[in-house]
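Presented below is the structure to which this report refers.
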Amino acid sequence: MNNIFYMACRHVRFFKVRTLILILGITCTITLPTASHLIVTKYGDSLRSRTASTPYILGARGNRFGLMLKALYFGRSQVDAITLADVNELDRSEWGHAIPLHLGHTTKGHPIVGVPDDYAEFRDFTVRNGARTPQLGGAILGSAVADAMRVGVGDRLRPDIHSLYDIGDKKPILLRVEGVLSPTQSADDHAVFVSLKTAWIMDGVMHGHEGDHDHGSPSNPPAQYQEITSENAGMFHMHASPADIRVSAAIVVPTSDKGATILEARYDSSSRLQLQNSRIVVEEIMGLVVQVKSFFDAYYILVLITTLMFIGLIVALSGQLRKREIETMHLIGASRRFTMGLQAAELLIIVAISTLLSAGLTIVCLSVSKHFLGVV
Amino acid sequence: MRDPNTLSKPMIRFSNVRFQYADQTFGLTIPDLELNQGERVAIVGPSGSGKTTLVYLATGVLRPESGSITVKGSAISSADESTRRQFRIQNIGFVFQEFALLEYLTVRDNILLAYRIGAKATDTEGARANELAESVGLKARLDRYPRHLSFGERQRVAICRAMATSPPIIVADEPTGNLDAARSADVVRILSDHVKASNATLVMVTHDATVIGGFDRTIDVTQFAATAGA
């Protein structure tokens, strides 16, 4: 057996191009279906796990898939905003508790999420270090963001400029890192949390400047603060009413099944707002994903059959080319079991290398998919 | 010619052998034939006359329909496939036309091929490869591949491979088939030197008249050819 593997290794090493072609073919054949299956499964698990803790989402009427991806996973889908007054109205009712979310800003591509103080408690966050709830001008980082940006408590973050045409506008306000969360294996790991007021300051709805509330004249405006500190925090103020203040969506936790039914009925008839059951919408999304996956599965089966035929052809042609070699070995005294074992061992080595490569590539695909799909 | 006293011990003996290919197109009938230890025998005859068939019978690759073939006193014609294979590995060294070296094995591994495919392993096989390679001036080339060797070097590797297990019989199947006269003479000389040194029997299939003079005996295989259906 040792001699068979020794000779097989020599053969595989000597015919590098043939070996490489076979390895690449088999690796792709294994990796594509395996990675896609694992990614879809992981994507589904990730989507579903978030719905368990986030029963309903309130948002502007329109694309429910976009609303769900934005509110649950801080995705980049474009959805219309709702007002803080809409959220407060639901929260004041006896049927549910609403947690507003403000999205739209980013720092180095990571979403900045404006949340109220009770968001951390709602998600049951624990901290790796620093604070759990952001203060005005402060930011709490998800663990993955902290690791990716290599920043910690006391560092400053500069939000991304949204429009290239804003280069003449004032600089975005600096955010002070106040805490880093422990990993949650959810979209929260990839987000930067700020208070709702901080988010509105970034929107320009709130601002702070020298001279208290005196805005000076258009030709002589007061200097805007670039960072919120304990000294200037009191200088920030708002010129809008809650009816004008925008949020992206709100997480809604009904107080009871009855509350859920009543809220569903109430918003079902609203022309401006929608209340979506996250589990139902996510299952719809997964239904679409599974449909697409079925198409790809059929495609992969065709690829598999084609690849197996190619491998069969290469092995058969190789057998023809090696007829003299095999005959020589038989004449010297090799058994048929030896020569067949030699060819089988070569294939086994190639398949083993391909499987290892495929495992590595699948891990890379899963890792890359986190960034592309925005889920963990 | 060699001293007849050293040639007295029969190495291969055919008795009333009859062989026919399955398609009945060709056969051999060999009433009585002996090849002796240390003897250098040339098997001659035109293409398709049964030269290779004769040596395949003598080495147990083919089995006769009837009669017996004994090699080194063992009745190889009645042995099973596995026994015949083991017998070949240990007792017969083959030199093939165009040498049939395995291009993916180094010179060392080509020389030791019999050990790789089933010859009884020894502690000295590595030393044996060195010794053989040194005897033909190839020691520096042991870790090279056949494609890196000249024609003459490949030919010497093939001969070393046949000698690796120190077999008592060397069978060369038209090793000079595609060679010019000088190279053919060279192959015969190297083979002869080795069999002389080890007192082995050399059976060489050839239709090259220029090399026959270097052999102790010439057997024309046409005398054994059986008419189809006879």
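With contacts defined as alpha carbon pairs under 8 Å and 6 or more residues apart, what's the relative contact order of region A:71-158 in percent? Don't jump to the answer; show the numbers that get you there.
Values: 56 pairs, mean separation 15.1, N = 88.
Relative CO of region A:71-158 lands at 17 percent.
Below 24 Å, Cα to Cα, which lysines can A:Lys197 reach? Residues fewer than 8 away in the same chain don't count.
Output for A:Lys197: A:Lys70, A:Lys108, A:Lys170, A:Lys171.
Which aspartates and glutamates does A:Lys16 reach when only Cα atoms under 16 Å apart count, and residues fewer than 8 places away in its own chain are ignored?
A:Glu346, B:Glu103
Under a crude label model (7 Å from the Cα following the beta-carbon direction), how far is A:Leu174 from A:Arg150 in nanometres?
2.0 nm
Please go through the residue pairs B:Lys139/B:Lys196; A:Lys323/B:Lys72; A:Lys323/B:Lys51 and name each one whose alpha carbons sit more than 28 Å apart in this structure.
Values: B:Lys139/B:Lys196 22 Å; A:Lys323/B:Lys72 31 Å; A:Lys323/B:Lys51 21 Å.
Where the Cα-Cα span goes over 28 Å, the pairs concerned are A:Lys323/B:Lys72.
Test of understanding: what is the full-extension gain from A:Arg92 to A:Phe15, defined as 0.36 nm times their sequence separation minus their Cα-Cα distance? It would help to have the intermediate numbers written out before the result.
Numbers: separation 77, 0.36 × 77 = 27.72 nm, distance 7.50 nm.
Separation in residues times 0.36 nm, less the Cα-Cα distance, equals 20.2 nm.
Within 10 Å of each Cβ in B:92-104, how many Cβ atoms from other chains are there, averaged over the peptide?
Mean number of neighbouring Cβ atoms from other chains: 4.
Using modelled amide H (1.01 Å from N, peptide plane; none on Pro or chain starts), what sits under 5 Å from the amide H of B:Val205, excluding residues fewer than 5 places away?
Close amide H contacts, sequence-distant or interchain: B:Ile43, B:Ala172, B:Asp173, B:Glu174.
Could you pull out which residues in region A:76-112 have an amide N less than 14 Å from a spot 7 Å beyond the Cα of A:Ala265, following the Cα-Cβ vector?
A:95
Obtain the nm distance between the two label points defined at B:Ser82 and B:Tyr21 by a simple spin-label model: each point lies 7 Å from its Cα along the Cα-to-C-beta direction.
Going by the 7 Å Cα→Cβ label model, 3.1 nm.
Fewest Cβ neighbours within 10 Å first, please rank A:Val303, B:Val95 accordingly.
Listing A:Val303, B:Val95 from fewest to most nearby Cβ atoms yields A:Val303, B:Val95.
Aspartates and glutamates near A:Lys258 by alpha-carbon distance under 13 Å, same-chain residues fewer than 8 away left out - which ones?
Those aspartates and glutamates meeting the cut-off are A:Glu94.
Work out which helices of chain B, taken as complete DSSP H runs, extend at least 24 Å along their axis over the Cα atoms and score a mean Kyte-Doolittle of -0.5 or more, then list them.
Membrane-span-like by this rule: B:181-198.
Can you work out the FRET efficiency for the pair A:Met340 and A:Asp80, with r the C-beta to C-beta distance and R0 = 45 Å, to the nearest 0.05?
Working: r = 68 Å, r/R0 = 1.52.
Calculated value: 0.10.
Find how much the distance from A:Glu121 to A:Ser256 grows on full extension, using 0.36 nm per residue of separation minus their present alpha carbon separation; answer in nm with one decimal. Walk me through the intermediate numbers first.
Values: separation 135, 0.36 × 135 = 48.60 nm, distance 1.96 nm.
Taking 0.36 nm per residue and subtracting the Cα distance, the gain is 46.6 nm.
Given R₀ = 41 Å, FRET efficiency for B:Ile212-A:Leu366 by Cβ-Cβ distance, to 0.05?
Plugging the Cβ-Cβ distance into 1/(1 + (r/R0)^6) gives 0.05.
Report the label-to-label distance for A:Ala131 and B:Gln97 in nanometres (one decimal), using points 7 Å from each Cα along the Cα→Cβ vector.
My value for the distance between the label points is 9.2 nm.
The numbers here are math on the coordinates, done by the rules we state, and not lab data. All values reported here derive from a predicted model rather than from experimental measurement. Cβ sites come from the backbone with ideal geometry, for glycine too, and all protein chains shown count toward neighbours.
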